[in-house]
Amino acid sequence: MTGKRCLGLDTSNYTTSTALFDGADGYQLGRLLDVEAGSLGLRQSDALFQHVKRLPELFDRLRREGRLEDIAAVGASVKPRWVEGSYMPCFLAGETAGRILADTLGVPFFPCAHQQGHIAAVAWGAGRLEMLDKPLLAWHLSGGTTELLYVEPDGTGVLPQKIGGTSDISAGQLIDRTGVALGLDFPAGRALDTLSRTGRPDRGFAVKISNFTFSFSGMENKAKDMAAAGEPAADVARFIVATVARTIRRVTDQALEQYPGLPVLCSGGVASNSILREVMSDAVFAPPVCSADNALGVAVLTHRALTMGGTV
């Protein structure tokens, strides 16, 4: 069913995002949070403060563009994952704004998890919303998370269950820390991707994998050692990106032996990496705007909950 315009909000650790979805068309408006030069991230208190300042700016622009008329439901990501104990203060900004708006408009409010939104955004961005109605494997690859998920339909939403991933730092942290060590600005994903394309071809390091679980902390030290030894920055970038891509490929192949025939979806900001997309050419990817932190998936799940008569 189309025509029912739903508003989604997502206030992750590095992006304030709003989105609209009516069953066919989606629109996303977001803004990265400010991170001090040379820093490796933001404290939760700083992220929450910036979200509180940015949301009125985004809503004002949506209003001026005429996009806040006839809102039928509002949704927001209220926690990182849909599991007990999952919590980050920054999501309070989007949840609070969403609940107030829904009450003011007299429309339903549907909560979801940031991770669920990532999966839905990629499915819609890739033109594969039907994927949400059957089991699948999904990677959530971001600055804070590197998880392999077994995903099942859950009413009108999706229920991800972690089956693998990193035991320490995430792929996004490895990429960002390498980028900052090479003099790039944080977050460094896009710039490191560009730099790596000019580096010497490299298959990367074969990290140890056990039960779909692996460690990237040694690769951070390796990148620092390579840079200290005077190796070209592009070669260091290529080595790190290739290692991440190779690891994701190997774990995926192992998982497909246990879950044969399931489609594989790649979400999160790291899923925008061009070398990863080449190595995982048989997986489902979406345009970068649907891969990085965004509220499109939240709006999609909100629309499904509204029109299919359930919960996210």
How many residues are outside any loop (DSSP other than H, G, I, E, B), touching a helix residue (DSSP H, G or I) at 6+ places or on another chain (Cβ under 9 Å) and open to solvent by 40 Å² or more (accessible area, probe 1.4 Å) if we restrict to segment 202-226?
4
Inter-residue pairs, beta-carbon under 6 Å, first within 15 Å of CYS90 (Cα to Cα) and hydrophobic (A, V, I, L, M, F, W, C) and in segment 1-27, second in a loop (DSSP other than H, G, I, E, B) and at pLDDT 95 or above, 6+ apart
LEU9/ALA295
Go through segment 192-201 and report how many residues are surrounded by fewer than 18 Cβ atoms within 10 Å (Cβ to Cβ) and either closer than 30 Å to VAL289 by Cβ or touching a residue at least 40 places away in the same chain (Cβ under 8 Å) (or both).
4
Name the single residue that is least open to solvent (accessible area, probe 1.4 Å) among those in segment 125-149 being over 28 Å from GLU220 (Cβ atoms) and not in a helix (DSSP H, G or I).
LEU136
Since SER77 meets every condition but one in (1) open to solvent by less than 20 Å² (accessible area, probe 1.4 Å); (2) in contact with a Lys or Arg (Cβ under 9 Å, 6 or more places away or on another chain); (3) not hydrophobic (A, V, I, L, M, F, W, C), which condition does it not meet?
(2)
Only one of VAL289, VAL244, VAL264 is within 18 Å of the chain's Cα centre (by Cα), open to solvent by 20 Å² or more (accessible area, probe 1.4 Å) and β-branched (Val, Ile, Thr); which?
VAL289
Matching residues in segment 83-106 - criterion: being in a loop (DSSP other than H, G, I, E, B) and surrounded by fewer than 16 Cβ atoms within 10 Å (Cβ to Cβ):
VAL83, GLU84, GLY85, SER86, TYR87, PRO89, GLY106
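The values are calculated or read from the model by the stated rules, or taken from the named source; none is laboratory data. Since the structure is predicted, the reported quantities are computational estimates derived from the model, not experimental observations. Virtual Cβ from ideal backbone geometry, glycine too; neighbours counted across all protein chains shown. Surface accessibility is based on the protein's heavy atoms, side chains included, excluding ligands, DNA and RNA. Shrake-Rupley method; radii C 1.70, N 1.55, O 1.52, S 1.80 Å.
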